[in-house]
1. Any residue at all in segment 85-93 that's over 21 Å from residue 193 (Cα atoms) and either touching a strand residue (DSSP E or B) at 6+ places or on another chain (Cβ under 6 Å) or free of Cβ contacts under 8 Å to residues at least 24 places away in the same chain (or both)?
2. Looking at residue 27, is it assigned to a loop (DSSP other than H, G, I, E, B) and closer than 30 Å to residue 148 by Cβ?
3. Is it fair to say residue 81 is under 20 Å from the mean Cα position of the chain (by Cα), under 30 Å from residue 60 (Cβ atoms) and not in a helix (DSSP H, G or I)?
4. If I filter segment 29-67 down to residues being touching a residue at least 40 places away in the same chain (Cβ under 8 Å) and within 26 Å of residue 129 (Cβ to Cβ), which single residue comes out as surrounded by the most Cβ atoms within 10 Å (Cβ to Cβ)?
């Protein structure tokens with residue numbers, strides 16, 4: 001396909017595609033003349049990823065390039081690619097105005113879950129914004145598909161509500177809610193990222209090396225003391241930690 005057709009199918013302006021070509025984010029097409037090139041499905045998939053990184057995650061061009069370089073590095077294990085991408089997009093924030101269909105989807109989802117919110121709750125609009133993004137990416141937005149996330153959120157909410165000192169002065173209750181919303185919200189986000197890394201290591205990382213006790217020799221090395229963190233280092237974990245620190249600087 002020509003660049004005009006590529007623009008039509010990707011939903012991106014020709015000028016934007018040319019910018020991505022100049023920046024090296026999109027590979028060049030196959031030349032068919034001095035001024036024209038042919039593009040294929042691989043270019044469409046690449047543009048879909050770039051668009052997600054730019055429009056959804058709101059990443060700068062340089063960070064998009066870092067993720068794409070990891071995608072292109074066939075020698076980079078899947079575990080590390082997941083880590084690079086996760087580090088880049090961890091700060092995603094949605095701010096678009098929700099669509100009418102998104103508001104309908106949000107209301108229907110809450111109804112299907114049996115969750116009742118206060119009248120004119122702003123959470124309906126914020127939920128609609130997320131559903132708009134998911135729906136635009138072709139992800140399912142029905143209650144059955146989102147049930148695992150809803151159940152996890154409900155469990156967290158139950159713990160948070162149990163933590164509120166209902167018999168204490170109102171100011172203390174307000175303080176607890178504030179800390180719970182902001183600080184524990186961030187804690188939950190970081191635990192989720194840590195859980196993603198742990199599960200990705202378990203599923204995609206190298207198998208753990210078996211420990212063989214020597215028949216004779218010095219006393220075996222003692223394990224970590226009680227209460228110490230039981231973490232497992234990945235060969236590339238140091239580089240990933242550096243990338244995460246740079247992204248948070």
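1. Checked segment 85-93: no residue is over 21 Å from residue 193 (Cα atoms) and either touching a strand residue (DSSP E or B) at 6+ places or on another chain (Cβ under 6 Å) or free of Cβ contacts under 8 Å to residues at least 24 places away in the same chain (or both).
2. So residue 27 does not fit the description; no.
3. For residue 81, the condition - under 20 Å from the mean Cα position of the chain (by Cα), under 30 Å from residue 60 (Cβ atoms) and not in a helix (DSSP H, G or I) - is not met.
4. 47
Only the coordinates and a few stated rules stand behind these numbers; no lab work does. Here the structure is a predicted model, which is why all the values come from computation and not from measurement. Backbone-built Cβ (ideal geometry, glycine too); neighbour counts: all protein chains shown.
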